[in-house]
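Beneath this line is the structure, given in structure tokens, with notes to follow.
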Amino acid sequence: MNSKTQNKIAIGALYGIAGFVVLILLALLGYILVSGMPQLSWHFLTAPAKAFLKGGGVGVQLFNSFYLLFLAMLISFPIALGAAIYLYEYAKDNWLTTTIRTAIEILSSLPSVVVGLFGFLFFVVKLRLGFSILSGAFALTFFNLPLLTRSIEDSLRTISETQREGGLALGLSRWETVTKVILPAAVPSILTGVILSAGRVFGEAAALIYTAGQSAPALNFMDWNPFNISSPLNPMRPAETLAVHIWKINSEGIMPDAKAISSGSSAVLVLAILIFNFAARYLGKRLYKRLTSA
Amino acid sequence: MLTSNDVRNESAMQERHVTQLSAVGEEIILSTRNLHVFYGQHEALFEGDLEFANHKITALIGPSGSGKSTFLRSLNRMNDRIATVTGEIMYRGVDVNQPAIDVYEMRRRVGMVFQRPNPFAKSIYDNIAFALQLRGVTDRHQLDEIVETSLKQAALWEQVKDDLNKSALALSGGQAQRLCIARAIAVKPDILLLDEPASALDPVSTSQLEDTLLDLKQKYTIIIVTHNMQQAARISDYTAFFNAGRVLEYDTTSQIFTNPQVKITSDYVSGNFG
Ligand SMILES: Nc1ncnc2c1ncn2[C@@H]1O[C@H](COP(=O)(O)OP(=O)(O)O)[C@@H](O)[C@H]1O
Ligand SMILES: [Mg+2]
């Protein structure tokens, strides 16, 4: 067999594998969307869930998912940014940074259910935060931090060393160089990483079941005082998210239309994550264009 | 085959020939003494004592790996986190190679332009203005003026004056390198260090850049590393020849190119090695 045929066979095999993966993805997405889309309506997206009756919605869960995502990002982004800047721009290669990097590696490969159980023991029980948005947000922070740190570090790595030298040669301090030269140039790629990790956080269930809880008390969307118990903004209330809702309905849902609600919720979740992904690409590209083009 | 005549010529040649410019009446703005540079255990520079004349162009030539960049980057302490630099670097009578020196201030006096043009991912205007703004120049009028003069001195103004708000990353290689020069001179340095600034440019841009450097000589002292012998001959007043971590010969450019005193220099400038 000559190398040309070999090459052809190898390419054919690779195309085959890639095609197979795409096919699985399309089949999954297709199944979820086809069975879920018909359930979607304005009512479904906004109404509260019903435990025993037909016709419940996922409005509260949807809001909870976004609110938790927002809080988790609010906590984890500054920490991840600081850690990434320290690790990539300042730290020398020594035992300390090796330890930190290893810790991040391990943390990022921790199963999310372990993160959830840790969150339960630590935030819910020990710190007495109870099943609450806050406990959930902290658990999600643990889940998100290592991946986000790595992704921001990778973004910093894509900025050429010549940019740093350029800043230093102008008499800027290292800090000024990082904040005024490197970070602005890295914004498109950092943003892409943040949105992608937001998609992951949005779909996370296992870390939240025992932290943010599995109940979604009705909310009064007219009350925006975070100290009131029925206010959507109250961070101490239990808050079942969309992903947890899907898990719960499938394991113990007793409403007559459980199957339909589960399909509808899955479709919403998948759509939201798709939107995150496309938004990440779109925004990243646009920002990069604005930085580089005339 | 060596004739006896050749052998005599060769033995007449010296091993090193480094002119003291202070002794020939030049005003010295920068000089190095006992300069040694180590990358870890590896000593990349160990005989690099040179005097640089004010408002002159000095070329650093020599084979690749001979320590030219190492030397140049030591002059404005760009090697600080990379290498250990010992010895004195006297700038206007002050040793700037000591810990107490404000290295940021010093780098503003001794600017640097690199081999690969490295404009920032900002507008052309901001590439020049932002370092000034960080240093407290906030008056818009004053900034406009500095941006304009810097771009004019770098011979880029005519090409970009209508596009100041466009991204600098869209500039051509030659234009980008000029922008880097403009950016460096905007902070009003005394000395400009250039490390093979034309090596990534096409011949036309290169010759334009050389003209620009000749103009800049009126205001700045220029030290330029180049692997291009014609370039050194065309624009420099003095030339230092580096080989294997040592300055082997330092003299006026015409002397180096027409009557080198050291055999290796002679081989190098006549293209026999390197
Ligand atoms: N960052 C560095 N780390 C370790 N060694 C280096 C570094 N930069 C240069 N060197 C070494 O120092 C010597 C001189 O290099 P350099 O100054 O770049 O030479 P030139 O600019 O004349 O080509 C070479 O042996 C090179 O391998
Ligand atoms: Mg070099």
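The values are calculated or read from the model by the stated rules, or taken from the named source; none is laboratory data. Bear in mind that the values here come from a model prediction, so they are computed numbers and not experimental data. Using ideal geometry, Cβ is built from the backbone for each residue, glycine included, and neighbour counts are taken over all protein chains shown. What goes into the accessible areas is simple: the full protein's heavy atoms, side chains included, and nothing from ligands, DNA or RNA. Shrake-Rupley method; radii C 1.70, N 1.55, O 1.52, S 1.80 Å.
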- [ ] On a C-alpha basis, how far is the centre of the range B:204-222 from the centre of the range A:78-152 in Å? Whole number, if you could?
- [x] 53
TODO: Round to the nearest 0.05 the FRET efficiency obtained for B:Gln133 and A:Arg174 when R0 = 22 Å and r is the Cβ-Cβ distance.
DONE: 0.75
TODO: Round to the nearest 10 and give me the degree value, 0 to 90, for the angle of helix B:124-134's Cα axis relative to the longest principal axis of chain B.
DONE: 90
- [ ] For every other residue with a beta carbon closer than 10 angstrom to the beta carbon of A:Ile229, add +1 if it is Lys or Arg and -1 if Asp or Glu, then tell me the sum.
- [x] 0
Open item on the list: For the range B:140-245, take N as its residue count and report Rg(C-alpha) divided by 2.2 N^0.38 Å.
Closed with: 1.12
Task: chain B, helix-only ellipticity at 222 nm - DSSP H runs n ≥ 4, -39,500 (n - 2.57), divided by all residues, nearest 500 - done: -10500 deg cm²/dmol
TODO: Can you tell me the relative contact order of the range A:40-292? Whole percent, Cα pairs under 8 Å, sequence separation 6 or more.
DONE: 26
- [ ] Provide the per-residue ³J(HN,Hα) series for the range B:153-166, in order, calculated from phi with Karplus coefficients 6.51, -1.76, 1.60 and θ = phi - 60°, each as a whole number of Hz, with x at glycine and proline positions.
- [x] 5, 8, 6, 10, 3, 4, 7, 10, 4, 8, 10, 4, 8, 7
Task: Semi-axis lengths (Å, descending) of the ellipsoid that matches the C-alpha gyration tensor of the range B:13-92 - done: 22, 16, 11
TODO: Taking 7 Å along the Cα-to-C-beta vector as the label spot, tell me the A:Ala47-A:Leu283 distance in nanometres, rounded to one decimal.
DONE: 3.3
TODO: Quote the Stokes-Einstein diffusion coefficient, in whole µm² s⁻¹, for the range A:111-193, based on the Kirkwood radius over alpha carbon pairs, a temperature of 25 °C and a viscosity of 0.890 mPa s.
DONE: 163
Task: Calculated P(r) of chain B - Cα pairs past 24 Å, % - done: 51
- [ ] Sort B:202-209, B:54-61 for me by packing, meaning the mean count of neighbouring Cβ atoms within 10 Å per residue, highest on top.
- [x] B:54-61, B:202-209
- [ ] Express in nm, to one decimal, how much length is gained between A:Phe66 and A:Arg290 on full extension, taking 0.36 nm for each residue of separation and deducting their alpha carbon distance.
- [x] 77.8 nm
Open item on the list: If I take R0 = 45 Å and measure r between the Cβ atoms of B:Tyr39 and A:Leu233 in this structure, what FRET efficiency does the formula 1/(1 + (r/R0)^6) give, to the nearest 0.05?
Closed with: 0.20
Task: Cα→Cβ-extended label distance, 7 Å offset, between A:Glu105 and A:Val21, nm - done: 2.3
Task: Cut-off 20 Å, label 7 Å out along Cα→Cβ of B:Val204, residues of the range B:132-174 by amide N - done: B:154-163, B:170-174
Task: Tally of Lys pairs whose C-alpha atoms are under 30 Å apart, taken over the range A:40-292, 8 or more apart or cross-chain - done: 9
- [ ] Would you give the gap between the C-alpha center of the range B:48-105 and the C-alpha center of the range B:127-168, rounded to a whole Å?
- [x] 28
TODO: Using only atoms on other chains, find how many Cβ atoms lie within 10 Å of each Cβ of peptide A:183-193 and report the average.
DONE: 1
Open item on the list: Give the lysines whose C-alpha is closer than 18 Å to that of B:Lys152, dropping any in the same chain fewer than 8 places away, or say none.
Closed with: B:Lys161, B:Lys166, B:Lys188, B:Lys217, B:Lys219
TODO: Kindly sort B:Met106, B:Met90 by accessible area of their heavy atoms, largest first, with the probe set to 1.4 Å.
DONE: B:Met90, B:Met106
Task: Residues B:Thr84 and A:Tyr86, FRET efficiency given R0 of 25 Å [Cβ-Cβ distance, rounded to 0.05] - done: 0.55
Open item on the list: Using just the Cα positions, wrap the protein assembly as shown in a convex hull and report its mean projected area in square nanometres, one decimal place.
Closed with: 38.9
Task: Mean residue ellipticity (222 nm) of chain A, computed from DSSP H runs ≥ 4 via -39,500 (n - 2.57), nearest 500 - done: -22500 deg cm²/dmol
TODO: Could you check how many percent of all C-alpha pairs in chain A are farther apart than 36 Å?
DONE: 30
- [ ] Any chance you could give the angle, 0 to 90 degrees and rounded to 10, that helix A:258-292 forms with the longest Cα principal axis of chain A?
- [x] 20
Open item on the list: With angles folded into 0 to 90 degrees, how steeply does helix A:242-252 sit against the dominant principal axis of chain A? Use alpha carbons for both and round to 10.
Closed with: 50
Open item on the list: Projecting each Cα onto the charge dipole of chain B (Lys/Arg +1, Asp/Glu -1 at the beta carbon, about the Cα centre), which of B:Ser236, B:Cys180, B:Gly271 comes out farthest on the positive side?
Closed with: B:Cys180
Open item on the list: So if each residue of separation counts as 0.36 nm, and I subtract the Cα-Cα distance between B:Gln159 and B:Gln230, what length gain in nm does that give?
Closed with: 22.8 nm
- [ ] Using Cα positions and a limit of under 12 Å, work out the aspartates and glutamates in reach of B:Lys56, with same-chain residues fewer than 8 apart set aside.
- [x] B:Glu26, B:Glu27, B:Asp190, B:Asp215, B:Asp237
Open item on the list: Ranking request for peptides B:161-170, A:52-61: highest mean number of other beta-carbon atoms within 10 Å first, then the rest in descending order.
Closed with: A:52-61, B:161-170
Open item on the list: Between B:Gln20 and B:Lys188, what is the label-point separation in nm under the 7 Å Cα-to-beta-carbon projection?
Closed with: 3.5
Task: Residue mean of other protein chain beta carbons inside 10 Å, B:110-121 - done: 5
Task: Cβ-defined net charge surrounding B:Leu179, 14 Å radius [Lys, Arg +1; Asp, Glu -1] - done: +3
Open item on the list: Residues of the range B:17-34 with backbone nitrogen within less than 12 Å of a virtual label 7 Å along the Cα-to-Cβ line of B:Glu105, please, listed as ranges.
Closed with: none
